[in-house]
Structure formats: structure tokens, C-alpha cells
Amino acid sequence: MAKARLACLLTLLSTHCYFSVLSVVLRTNNESPWTDEFDKIELSCLIESISTSNPRIEWKKITNGGPSYVYFDKKISGDLENRAVIREPATLLITNATRSDTAKYRCEVTAADDQKSFDEIVIDLVVRVKPVVPKCSVPKSVPFGKPAELSCLEEEGFPKSQYQWFKNREEIPEDPKTSLKFFNSSYILNAETGTMKFIAVRKEDAGEYFCRAKNDAGYSECLPQMMEVYDVDLLGILLGVLVVVIVLLCITVGICCAYKRGYFSSQKQAGNNYKVPAKGDGVDYVRTEDEGDFRHKSSFVI
């Protein structure tokens with residue numbers, strides 16, 4: 001019985017070895033490699049077993065628009081032309097990675113003489129891009145007790161940037177209650193969007209502010225900008241309003257006096273404006289109801 005089991009096991013092992021030899025099998029050292037922009041990166045595609053002496057090797061780039069060849073008929077093509085080489089037997093080496101290379105890549109090997117003639121592996125490549133100098137907006141002056149907003153944004157970095165704000169070269173914590181220096185400040189800091197909103201600024205909030213955008217590839221900072229906090233001069237505002245009211249009152253009184261003294265009244269013209277023609281010898285003129293219409297009263301005496 002034991003001999004029969006041993007014989008069966010040996011037969012299974014022999015069969016497995018036979019089919020393994022007659023099957024193309026691939027593996028990779030890294031299914032999710034990453035690199036920084038402009039550096040090189042290797043997409044490993046290793047052939048563990050194969051019987052065919054000259055297999056067909058292809059690499060395809062898979063994007064939302066579908067797969068496209070980057071290695072076909074023993075030539076680099078498409079996006080990687082002049083920027084990649086094949087390392088025997090099937091590893092793809094990108095010598096100058098760019099942000100557009102971030103995608104999934106599929107290594108396909110076809111072995112016509114093998115029992116299992118086809119195998120493939122998919123590699124997910126990420127090319128990290130350092131953030132550029134962010135655009136920062138800091139109000140130059142804010143009245144005491146009023147709200148204020150600081151903004152910071154950059155859109156080139158990959159993965160997406162996170163943001164930090166600094167005051168007088170010291171990092172501002174997301175929660176002011178975690179720092180003695182910022183404990184009395186009232187603000188909301190969003191590391192995802194880069195905004196920092198003061199609910200009510202204090203004198204102590206005045207200072208030099210700048211923002212840092214960072215990701216796994218590095219960071220960039222904008223130039224420092226000064227924010228001042230000033231007191232609202234309520235007494236000055238009230239005096240200004242009082243002066244304006246007095247001026248308007250004086251103007252109103254002056255206009256009323258001028259009207260009473262008749263400076264703005266128009267002279268009324270009595271009667272109709274017409275000129276009575278001079279009387280001729282022996283002729284009397286009588287004016288009719290229509291202005292300017294005259295008729296003879298008596299005839300000429302010759």
C-alpha cells in the first residue's frame with residue numbers, strides 16, 4: 001500500500017515537472033515601482049521557466065484610452081521611444097521617466113513550443129513629480145478682530161501636494177491648541193487645500209507668513225509676505241461722520257435761505273409777449289383774440 005502511494009506521488013511530481021518545463025511562467029521583483037521625474041526605473045519581467053528558444057515578448061502601456069504598444073517586434077515604440085531599452089530577457093528599463101509615464105504596464109510572453117504558451121504580468125508604475133513654487137496670497141493689513149484668509153496652491157506636483165504654513169520661519173500647527181505659542185490664535189488650517197482662515201485676528205497674529213507645498217518627491221516654498229494688524233480708530237470715524245453731517249446741514253440751510261430771498265425764483269412775465277405796431281396815419285388797429293392778428297378799423301382816407 002505504501003509503495004503504491006509512493007509510486008502515485010512520484011507520478012504526480014513527474015507530471016508536474018513535465019508541465020512546468022513545458023509552460024512559460026513569468027514573475028516580477030516589484031509590482032508597484034516608483035521613481036522621481038527624470039530618473040531611471042526598471043520594470044522587471046523575469047521568465048522563470050520556458051522551453052521555447054525564441055519567445056515573442058511584448059510590452060503594453062494601459063491607460064484610460066486602452067492599451068498601446070511600447071515594445072513590439074523587438075523595437076521600443078510609442079511614448080517610450082528613445083527613452084527605454086530591453087534588458088534580456090524581458091525587463092523594461094526606462095532611462096528618463098516623465099510624469100506622463102505614470103500608468104500600468106503589461107509584460108506579455110508567448111512561447112509557441114510550450115504546453116502553456118502564454119503568460120503576462122502587470123506592473124503599476126508611479127512617477128513622482130516635485131511641487132513647483134506655490135502661489136501664495138497673504139493680506140497686507142487686517143483690522144483687529146476681523147476675519148482674514150491666507151491661500152496657497154500649486155498644481156504640478158504628483159502625488160497631490162500637502163500644504164504647511166509658517167509664521168516668522170516657525171511652522172504653524174493645524175490645531176492651535178497644541179502649541180503654547182499659537183494657543184490664543186483662532187484659525188482653521190486645511191493641509192489639503194492650503195487655506196488658513198483666521199476667525200478674528202489679534203495683534204500677535206501680525207508677522208511674516210509663507211507656505212510650503214510638499215509631497216513624496218520634495219517640496220517648494222513661496223516667498224515670505226508680511227501681514228499687519230491695525231486697530232480700528234472708532235473716535236476718528238465718529239468725528240469724520242460728524243464733520244460730514246455738519247457740512248451737509250450747512251449746505252441745506254444755505255439753499256433754504258437762498259430760496260427765501262428769491263435767488264432761485266424766475267421772474268414772471270406779465271401778459272403775452274408781442275409788440276404793438278405803430279399807428280399809421282388814418283389807420284387804427286384792433287387786436288383780435290389771436291396774438292399778433294390785427295385788422296383795419298377804418299379805411300384809408302385819400
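The values are calculated or read from the model by the stated rules, or taken from the named source; none is laboratory data. On a predicted model such as this, the values are computed, not experimentally measured, just so you know. Heads up, the Cβs are rebuilt from the backbone with ideal geometry, glycines too, and the neighbour counts pull from every protein chain shown. Keep in mind that these areas ignore ligands, DNA and RNA; they rest on the heavy atoms of the full protein, side chains included. Shrake-Rupley method; radii C 1.70, N 1.55, O 1.52, S 1.80 Å.
Note on surface exposure: Asp113, Asp124 rank Asp113, Asp124 by accessible area, highest first, 1.4 Å probe. The residues neighbouring Arg106, those whose beta-carbon lies less than 15 Å from its own, together hold a net charge of -3 under the Lys/Arg +1, Asp/Glu -1 convention. Please tell me which of these pairs span more than 31 angstrom C-alpha to C-alpha: Lys61/Lys160; Lys75/Lys104; Lys40/Lys74; Lys60/Lys135; Lys130/Lys203? Where the Cα-Cα span goes over 31 Å, the pairs concerned are Lys60/Lys135; Lys130/Lys203.
Ellipsoid fit via the Cα gyration tensor, the range 115-169: semi-axes of 48, 10, 8 Å, each the root of five times an eigenvalue, largest first.
Across the range 198-254, the convex hull enclosing all Cα atoms gives 146 Å³ per residue. Other residues lying with their Cβ under 13 Å from the Cβ of Ser117 contribute a combined charge of -3, Lys and Arg counting +1, Asp and Glu -1.
For the listed peptides 241-252, 189-200, 211-222, a ranking on the average number of other beta carbons within 10 Å per residue, highest first, reads 211-222, 189-200, 241-252.
Near Lys146, the amide H atoms lying under 5 Å from its own belong to Val201; only residues 5 or more places off or on other chains count, and H is placed 1.01 Å from N.
Panel values: the range 102-146, Kirkwood radius from alpha carbon pairs, Stokes-Einstein at 37 °C and 0.692 mPa s, translational diffusion coefficient 200 µm²/s. The base-10 log of I(q)/I(0) for the range 138-222, evaluated at q = 0.14, 0.17, 0.24 Å⁻¹, reads -0.47, -0.68, -1.22 [Debye formula, identical scatterers on Cα atoms, solvent excluded]. Taking θ as phi - 60° and the Karplus parameters 6.51, -1.76 and 1.60, the scalar couplings of the range 151-164 work out to 10, 8, 7, 8, 10, 9, x, 9, x, 4, 6, 9, 10, 10 Hz in sequence order, x denoting glycine and proline.
Normalised Debye scattering of the range 76-192 at q = 0.15, 0.21 Å⁻¹ gives log10 I(q)/I(0) of -0.83, -1.24, counting only Cα atoms as equal scatterers and leaving out solvent. Could you let me know the centre-to-centre spacing of the range 49-124 and the range 151-197, using Cα atoms, in angstrom? Each part's Cα centre sits 44 Å from the other's. For the range 69-166, the list of GluC sites (Glu not before Pro) that fall in a loop by DSSP and count at most 11 other C-beta atoms within 10 angstrom reads Glu81.
Across all C-alpha atoms in the range 143-192, the radius of gyration and Dmax reach 12.8, 39 Å.
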